[in-house]
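Read through the structure below, which is laid out as structure tokens, and then see the notes.
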Amino acid sequence: MASSDTLAAVFDHIEANRAPFLDRLIDYLRHPSISAENIGIAEVGELLVKMLTDIGLETELVPTEGHPMVIGRWEKAPGKPTVLLYGHYDVQPPDPLDKWLSPPFEPTIRDGRLYARGVGDNKGQHFAQMMAIESHLKVHGTLPCNVILLLEGEEEIGSPHIADFVRANKDKLRADLAVTADGPRHASGAAAIKFGSRGVISFDLRCRHANRDVHSGNFGGVVPNPIWTLVHLLGTMKNAAGEITIAGLHDDIEPPTPEELAAIERLPRAAEAVKQSLGLDRLDAPADRPFYERLCFRPTLTINGFHGGYGGPGTKTVLPNEAFVKCDIRLVEAQDPEDILRKVADHVAKHAPQVEFIAQDRGMQPSKTPIASPFTTPLRQAFVKAQGEEPLLIPAGFGSLPGYVFTKILGIPAFVTPYANPDEANHAPNENLTLDCFYSGLRTGAALLHELGQSPAR
């Protein structure tokens, strides 16, 4: 059978089984798997083992110090590449429940969309990959390349154990490339391939001066105010021009390559659409910084929450004794989370020694794969054959995923191929996946395996 006929037969199978695939996804989504609350994780891990075994993969549930990993494998194509398909079976808590139009774990179809917690992030996307594998096996009895499927149960709580797991299981995870189907398509609705993701660290700054709140008239101007202390400290960390001013924070940043700069020039203009959708009259400073340069190549410092003093109705002339602020910093290649945490801690100690610096975790490293990777071509061709359009090439993802475990620990290129609609509302009430995106993801996953099968192992 010709190569094009081989893939066409798989596409025909997917088209003929749209309803059963959707029914099986709905059944999968009915099982909660909330990692933050350890609800349903063990049950869904076992469910996945059965599902993948039934598909025809050798499957195991591997314990970690936290939630287990699910590994499925099919390695019967000697001389062909091995692709590691990553996803996560844990989901965010569904709160606030009163904002959902239908119960989060009772999947509901409305207006061509499937609504459920986890449907876009990430169950619907890795389920599409699973069904693409099954479709090849059903039609041809074989896969065009070797496949390892790795499904994590802790991504929504920061993947705290995946790095140690990957280091300890390098032999089990030996592959030529890694592909993650996660996140939304480009805001324009166009298909996209992302070549990395930003890292992240999170920390608190806590300040306490007096041993109790005091009267602002009797003690104002005498007792130091912890809120002002934090305000002034934060002002030394990022100035009004939008520049992060923590010493050494930018030292290790790798500048974008000519290929990456050319790629962002080809991306659809988005700044005005973002401002309009969010009701903004400007972007964050500096005003002259290009939109995609901000998201792909620059670190950020974000204040996630500021807490202290009285917040009730009316007035209360109090001078609070304690305040704290929560922050995150998004990292770009090749910043190291532990190094940046040390630099922030040193900055706090220098500028506000009475403020306590509290690192929330070890953070997540950034990840980046060169656009010139030899696997870029088969990935692009897969999108063209499955979706009929060239995908956008985005040098780095804007959020954070644990792709660094593939690029930095396994030493292989890693790509993100989002299948979800831009308005999937992941992490929010009424999370959804359009049925068109689900079926398009199925076709793309099938085409990806086919195109990799045309390439030799590396």
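The values are calculated or read from the model by the stated rules, or taken from the named source; none is laboratory data. If you're wondering where the values come from, they're calculated on a predicted model, not measured in any experiment. All Cβ positions, even for glycine, are placed from backbone atoms using ideal geometry, and neighbour counts span all protein chains on display. Just so you know, the surface numbers come from the protein's heavy atoms only, side chains and all, with ligands and any DNA or RNA stripped out. Shrake-Rupley method; radii C 1.70, N 1.55, O 1.52, S 1.80 Å.
Using per-residue counts of other Cβ atoms within 10 Å, averaged over each peptide, order 299-309, 272-282, 125-135 from highest down. All intermediate terms of the calculation are to be shown ahead of the outcome.
Working: 299-309: 15.3, 272-282: 9.8, 125-135: 25.6.
Sorting 299-309, 272-282, 125-135 by mean packing, highest first, produces 125-135, 299-309, 272-282.
Show me the helices of the chain, taken as full DSSP H stretches, that run 15 Å or more along their long axis by Cα and average -0.5 or above in Kyte-Doolittle hydropathy. Walk me through the intermediate numbers first.
Numbers: long enough: 3-16 (20 Å, 0.34); 18-29 (17 Å, 0.13); 41-55 (21 Å, 1.13); 124-140 (24 Å, -0.15); 226-237 (17 Å, 1.21); 337-351 (21 Å, -0.70); 376-387 (16 Å, -0.33); 435-453 (27 Å, 0.48).
Membrane-span-like by this rule: 3-16, 18-29, 41-55, 124-140, 226-237, 376-387, 435-453.
For the pairs Lys194/Lys368; Lys238/Lys275; Lys172/Lys368; Lys50/Lys123; Lys194/Lys408, note any where the Cα-Cα span goes beyond 20 Å. Write down the numbers at each step before the final one.
Numbers: Lys194/Lys368 9 Å; Lys238/Lys275 22 Å; Lys172/Lys368 23 Å; Lys50/Lys123 16 Å; Lys194/Lys408 17 Å.
Cα-Cα > 20 Å for Lys238/Lys275; Lys172/Lys368; rest within.
Based on DSSP, what percent of beta bridges with both residues in the chain are antiparallel, to the nearest 5? Walk me through the numbers on the way to the answer.
Numbers: 46 of 66 bridges.
Here the antiparallel bridges make up roughly 70 percent for the chain.
What number do you get for the stretch 290-382 when its Cα radius of gyration is normalised by 2.2 N^0.38 Å, N = residues?
On the way: Rg = 20.1 Å, N = 93, 2.2 N^0.38 = 12.3 Å.
Relative to the 2.2 N^0.38 Å estimate, the stretch 290-382 comes out at 1.63.
Name the residues of the stretch 230-253 whose amide N is less than 13 Å from a point 7 angstrom out from the Cα of Asp339 along the C-beta direction?
Zone members listed by number: 248-253.
Quote the FRET efficiency, to the nearest 0.05, computed for Phe398 versus Arg212 with a Förster distance R0 of 41 Å and r equal to the Cβ-Cβ distance. Could you put the intermediate results ahead of the total?
Working: r = 43 Å, r/R0 = 1.06.
Approximately 0.40, to the nearest 0.05.
By how many nm would the segment from Leu61 to Asp98 lengthen if fully extended, with 0.36 nm per residue of separation less the alpha-carbon distance? Provide the component values of the computation, followed by the final result.
Numbers: separation 37, 0.36 × 37 = 13.32 nm, distance 3.50 nm.
Full extension from Leu61 to Asp98 adds 9.8 nm.
Mean separation of Cα pairs under 8 Å and 6+ residues apart, divided by the residue count of the chain: what relative contact order is that in percent?
Numbers: 930 pairs, mean separation 120.4, N = 458.
It rounds to 26 percent for the chain.
Could you do me a favour and compute the accessible area per residue for the stretch 296-387, 1.4 Å probe, result in Å²? Before the final figure, lay out each step's value.
Working: 4400 Å² over 92 residues.
Using a 1.4 Å probe on heavy atoms only, each residue of the stretch 296-387 averages 48 Å².
Just how much of Tyr419 is accessible, in Å², when a 1.4 Å probe is used and the result is rounded to the nearest 10?
Spelled out: Tyr419, probe radius 1.4 Å, area about 10 Å².
Using a 10 Å cut-off on Cβ atoms, rank the peptides 39-49, 321-331 from the highest mean neighbour count down.
Numbers: 39-49: 18.6, 321-331: 20.4.
In decreasing order of mean packing, 39-49, 321-331 become 321-331, 39-49.
How large, in percent, is the carbon and sulfur part of the accessible surface of the stretch 410-458 at a probe radius of 1.4 Å? Each step should come with its number before you reach the end.
Working: 710 of 1390 Å².
That fraction is 51 percent.
Take Ala273 and Arg24, extend 7 Å from each Cα along the Cα→Cβ direction, and tell me the distance between the two endpoints in nm.
3.4 nm
Mind checking the per residue accessible area of the stretch 195-254 for me, 1.4 Å probe, whole number of Å²?
Details: 2950 Å² over 60 residues.
Result: 49 Å² of accessible area for each residue.
At a 1.4 Å probe radius, carbon and sulfur cover how many percent of the accessible area of the stretch 265-320? Walk me through the numbers on the way to the answer.
Working: 1990 of 3810 Å².
Here it works out to 52 percent.
Just tell me which lysines come within less than 16 Å, Cα to Cα, of Lys138; anything on the same chain fewer than 8 places away is out.
Within the straight-line cut-off, Lys138 pairs with Lys76.
Tell me, what is the per residue accessible area of the stretch 5-115 in Å², probe radius 1.4 Å? Walk me through the numbers before you get to the answer.
On the way: 5250 Å² over 111 residues.
With all protein chains present, the stretch 5-115 gives 47 Å² per residue.
Of all accessible surface on the stretch 72-220 at a 1.4 Å probe, what whole percent is carbon and sulfur? Don't skip to the answer; put the middle values down first.
Details: 2450 of 5130 Å².
Answer for the stretch 72-220: carbon and sulfur cover 48 percent of the accessible area.
What order, most packed first, do the peptides 242-251, 179-188 have when packing is the mean number of other Cβ atoms within 10 Å of each residue? Intermediate values should be presented prior to the final figure.
On the way: 242-251: 14.3, 179-188: 21.8.
In decreasing order of mean packing, 242-251, 179-188 become 179-188, 242-251.
Past 26 Å, Cα to Cα, is the threshold; run Lys80/Lys170; Lys316/Lys350; Lys99/Lys316 against it and keep the listed order. Before the final figure, lay out each step's value.
On the way: Lys80/Lys170 19 Å; Lys316/Lys350 33 Å; Lys99/Lys316 32 Å.
Result: Lys316/Lys350; Lys99/Lys316 exceed 26 Å.
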